[in-house]
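Have a look at the structure below before the remarks.
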Amino acid sequence: MSTYKNFTVETDADGIALVTWDMPDKSMNVFTVDVMDELEAILSQTVADAAVKGVVFTSGKSSFSGGADLTMIRGMFTMLADERAKDPAAAAQKLFDVAGRMTWLFRKIETNGKPWVSAINGTCMGGAFELSLACHGRVAANSKSVKLALPEVKVGIFPGAGGTQRVSRLANAQDALQMMTTGQNLTAQRAKAMGLVHQVVEPGELVNAAKQMIKDGLKPVAPWDEKGFKVPGGGVWTPAAAQLFPAAPAILRRETAGNYPGALAILKCVYEGLQLPFDTALKVEQRYFTQVLQTTEAFSMIRSLFISMQELGKGARRPAGVEKTQIKKVGVVGAGFMGASIAYVTAAAGIPVVLIDRDQDAADKGKAVSEKLVGESVAKGRLTKEEGETLLSLVTATPDYSTLSDADLVIEAVFEDRAVKKAVIEQVEAVISPTAIFASNTSTLPISGLAENSKRPEQFIGVHFFSPVEKMMLTEVIMGEQTGDRALAMALDFVGKIKKTPIVVNDTRGFFVNRCVFRYINEAYDMLIEGVPPAMIENAAKMAGMPVGPLSLNDEVAVDLSQKIMKASIADLGEASVKPEHMKLIDKLVNELDRRGRKNGKGFYDYPAKPAKKSLWPGLKELYPQRPASEIDVAVVKQRFLVTIALEAARTVEEGIVTDPREADVGSILGFGFAPYTGGTLSYIDGMGVKTFVALCETLAATYGEHFKPTPLLIDMAAKGDTFYERFDPYGKVLEAA
Ligand code: NAD
């Protein structure tokens, strides 16, 4: 047998070739052009070698494979753009051919005449799961680390290498559609119950069990290539399917408001494909896949949610030349709502943490949050009892600041009060080592101002978490005027260690995320005051792709917190910084009506006792004369939300707060769920073209106010035909630095 770079092939005495995928320079196996070339060569060799009776395919890493490689996908888009410039029709054909490479390679494996069994030892995603589905047998290890999924829909595309056709021929149609349109992870057991995996065995038995399948006479023919094959549940022309298929697009529309072409294509592929012979069905899938790849949604989502997110997670913004820090101990001061959860995520990453509050009781209360979260994870089987105990043993609750003396990083999460924070900074700096970094979790106080209380402002930085900390994937890292590279590197290393995605922003009121969120909520205040029915405000926002309506969101963060922030703005920036009608509305809700949000059971919504659901407070309609819904253009309401947020993101770029478009995009999706199908705030603008966006802003400004006026940067970009990703090219910066 030849030698391969990414695979080893060993044939045993029974004539079973064990193909082990183990890419030398990667922590996880991924599909690259090289990998496909080698796989094709292995297939030819095993077919040609009469001594080989069958193949077991597995991974030499702890996971099986993560699917496609970033560079390959980026290359595909670059190719498309280059070819389009030359000849658009030929570009589509070329894309069709490139997109079909995996499809037909997997089909070749399926029809090669010798049995292949995939031995799935860990995470098996996307293309790797599609390859496994093309094998004649699938055995998965009985382990928590085995997760199987076709998650492509989450990045704007869909399983386009035979996935839609094989899953819908193995599982019943409803499960198949559910699994692929949500991109959900399956456990080995669930995959077996659905019919997607043949056996689940103990990890040590995996390869033997796979070999045994071949020895037991596994037929090298897929069920759908056998005469008389019947689709589970009977296919499209059955009473059950007559109930499922007409309802499926409606359900999808309810969930996604028709914003995701990739999700809709799954329904089309399954419905059309099940009525066709298998090879024709694959071709239909390949066509839809090519079509979806050319949508702005797919391009933008892949760029932000796949490529940029991974790049930022791997420290794209980490200063070059600063050695990776080993964080051996973290201190968290302030064991309240945020601090307690920050301590939990730190311990969950295996880092010892001291959690400090004003007295032992308060510190213990903070640790109790970790105890509760661990209890829930153990009950759900996500952690073993021992793992839970180890995690808790890493959290030390104490009021004693001297325990911070050997901490590498101290995160402050005390009251949002300058004087309290000043005292804490001084107290902490009195005991920590000269190399330790101090981070503040403030949400509104500028970092440079807080750093004035520090004796070493170059070691002072903002690390802004979002609640609930254990769920939110984003962390904003804020550079004060004097923050140095070592502080930035340590903050990014820490955020990476706790498995969150960082964005690095310069100091400003509200940083990046909250500035955008305020615009979202302020637009809703404007609409309420104009008399737009509250239900329409909430529904239009969701139709625009926002996960939570602005009024609901305001209730979650607390209406009196909005009031506090508005008052602080007026105090610091003057009366003009807040619209008087907004202040009046919020003052009325808080001062007169005591409607403070979810926390006191009444805000823009009423919150009756469970199991009743929250509903919009009927009195809201009495506050302003209501316009009839029929007079209001929902499309404009949707646009106002997205445009006002995107404009604010553009302002942060113009002001030098955000310097890398990837961060505005990823930050807006992970931070507040900005319509993910757009790829984020700046991709939304780039996607429609800056010129179109500027024209849209001008139209909206004429009717809805000055805040929609396009900024000088946007006007200049429109005139020059620039995009954010060209003008602020994140890769150009890397090249410059190199
Ligand atoms: P919180 O009131 O729940 O907790 C603050 C904790 O700090 C309390 O337990 C208090 O006892 C403790 N504390 C006060 N003074 C102290 C001192 N001198 N020494 C030690 N402990 C002291 O507040 P929170 O909501 O957790 O907010 C904390 C910080 O996080 C604030 O700066 C806030 O702006 C920021 N933040 C909050 C959120 C949020 O959603 N609540 C989100 C991001 C950032």
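The values are calculated or read from the model by the stated rules, or taken from the named source; none is laboratory data. None of these values were measured; they are calculated from a predicted model. Cβ atoms come from the backbone with ideal geometry, glycine included; neighbour counts cover every protein chain shown. For the accessible areas, the whole protein counts, side chains as well, though only heavy atoms, and no ligand, DNA or RNA atoms are used. Shrake-Rupley method; radii C 1.70, N 1.55, O 1.52, S 1.80 Å.
Go through the range 452-467 residue by residue and tally those that are open to solvent by 30 Å² or more (accessible area, probe 1.4 Å), near the ligand (Cβ under 9 Å from one of its atoms) and at pLDDT 95 or above.
Going through the range 452-467 one residue at a time, the tally reaches 0.
Output the residue which, of all residues in the range 392-414 that are open to solvent by 50 Å² or more (accessible area, probe 1.4 Å) and over 15 Å from Asp359 (Cα atoms), is nearest to the ligand (Cβ to nearest atom).
Ser405
Taking the criterion of being touching a Lys or Arg at 6+ places or on another chain (Cβ under 8 Å), among the hydroxyl-bearing types (Ser, Thr, Tyr) and either at negative phi or open to solvent by less than 20 Å² (accessible area, probe 1.4 Å) (or both), would at least one residue in the range 477-491 satisfy it?
No, the range 477-491 has no match at all.
Output the residues belonging to the range 465-505 that are touching a Gly at 6+ places or on another chain (Cβ under 6 Å) and among the polar types (S, T, N, Q).
Thr501
Out of the range 10-20, which residues are touching a residue at least 40 places away in the same chain (Cβ under 8 Å), farther than 16 Å from Ala128 by Cα and open to solvent by 10 Å² or more (accessible area, probe 1.4 Å)?
Thr11, Asp12, Asp14, Leu18
How many residues, within the range 353-366, are out of contact with any Lys or Arg (no Cβ under 8 Å at 6 or more places or on another chain) and open to solvent by less than 40 Å² (accessible area, probe 1.4 Å)?
4
Working carefully through the options Asp82, Asp69, find the one that is surrounded by 20 or more Cβ atoms within 10 Å (Cβ to Cβ), closer than 26 Å to Ser308 by Cα and of a type in the set (D, E, K, R).
Asp69
If only one of Met102, Met23 is outside any helix (DSSP H, G or I) and over 23 Å from Gln212 (Cα atoms), which one is it?
Met23
What number of residues in the range 21-43 are under 18 Å from Cys135 (Cβ atoms) and open to solvent by less than 20 Å² (accessible area, probe 1.4 Å)?
8
Taking the residues in the range 417-426 that are open to solvent by less than 80 Å² (accessible area, probe 1.4 Å) and not β-branched (Val, Ile, Thr) as candidates, determine which candidate is farthest from the ligand (Cβ to nearest atom).
Among those that are open to solvent by less than 80 Å² (accessible area, probe 1.4 Å) and not β-branched (Val, Ile, Thr), it is Ala419.
I want to confirm something. Restricting to the range 547-578 and keeping residues that are charged (D, E, K, R) and either under 28 Å from Pro468 (Cβ atoms) or surrounded by 17 or more Cβ atoms within 10 Å (Cβ to Cβ) (or both), which single residue is farthest from the ligand (Cβ to nearest atom)?
Looking at residues that are charged (D, E, K, R) and either under 28 Å from Pro468 (Cβ atoms) or surrounded by 17 or more Cβ atoms within 10 Å (Cβ to Cβ) (or both), I get Lys567.
Could you grab me the full set of residues in the range 26-58 that are in a loop (DSSP other than H, G, I, E, B), without any contact (Cβ under 8 Å) to a residue 40 or more places away in the chain and either touching a helix residue (DSSP H, G or I) at 6+ places or on another chain (Cβ under 7 Å) or among the polar types (S, T, N, Q) (or both)?
If the condition is that a residue be in a loop (DSSP other than H, G, I, E, B), without any contact (Cβ under 8 Å) to a residue 40 or more places away in the chain and either touching a helix residue (DSSP H, G or I) at 6+ places or on another chain (Cβ under 7 Å) or among the polar types (S, T, N, Q) (or both), then Ser27 is the only one that fits.
Please return the ranges of helices (runs of 4 or more DSSP H) entirely within the range 282-349 where 3 or more residues are open to solvent by 10 Å² or more (accessible area, probe 1.4 Å) and within 16 Å of the ligand (Cβ to nearest atom).
So the answer is 337-348.
Taking Asn591 and the conditions (1) out of contact with any Ser or Thr (no Cβ under 9 Å at 6 or more places or on another chain); (2) closer than 23 Å to Ala544 by Cα, which numbered condition does it fall short on, given that it satisfies the others?
(2) is the only condition that Asn591 fails.
So which residues in the range 427-451 are farther than 11 Å from Ala487 by Cβ, more than 14 Å from the ligand (Cβ to nearest atom) and surrounded by fewer than 17 Cβ atoms within 10 Å (Cβ to Cβ)?
Ser433, Pro434
Report, by residue number, each residue of the range 137-154 that is outside any strand (DSSP E or B) and open to solvent by less than 20 Å² (accessible area, probe 1.4 Å).
Once the filter is applied, which keeps residues that are outside any strand (DSSP E or B) and open to solvent by less than 20 Å² (accessible area, probe 1.4 Å), the range 137-154 yields Val146, Leu150, Val153.
Quick grid of which residues meet (1) over 16 Å from the mean Cα position of the chain (by Cα); (2) open to solvent by less than 30 Å² (accessible area, probe 1.4 Å); (3) of a type outside the set (Asp, Glu):
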site	(1), (2), (3)
Ile632	yes, yes, yes
Glu648	yes, yes, no
Thr659	yes, no, yes
Asp665	no, yes, no
Phe672	no, yes, yes
Thr681	no, yes, yes
Met688	yes, no, yes
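Which residue, of Tyr731, Tyr624, Tyr677, is within 23 Å of the chain's Cα centre (by Cα), in contact (Cβ under 8 Å) with a residue 40 or more places away in the chain and open to solvent by 20 Å² or more (accessible area, probe 1.4 Å)?
Exactly one residue qualifies, and that residue is Tyr677.
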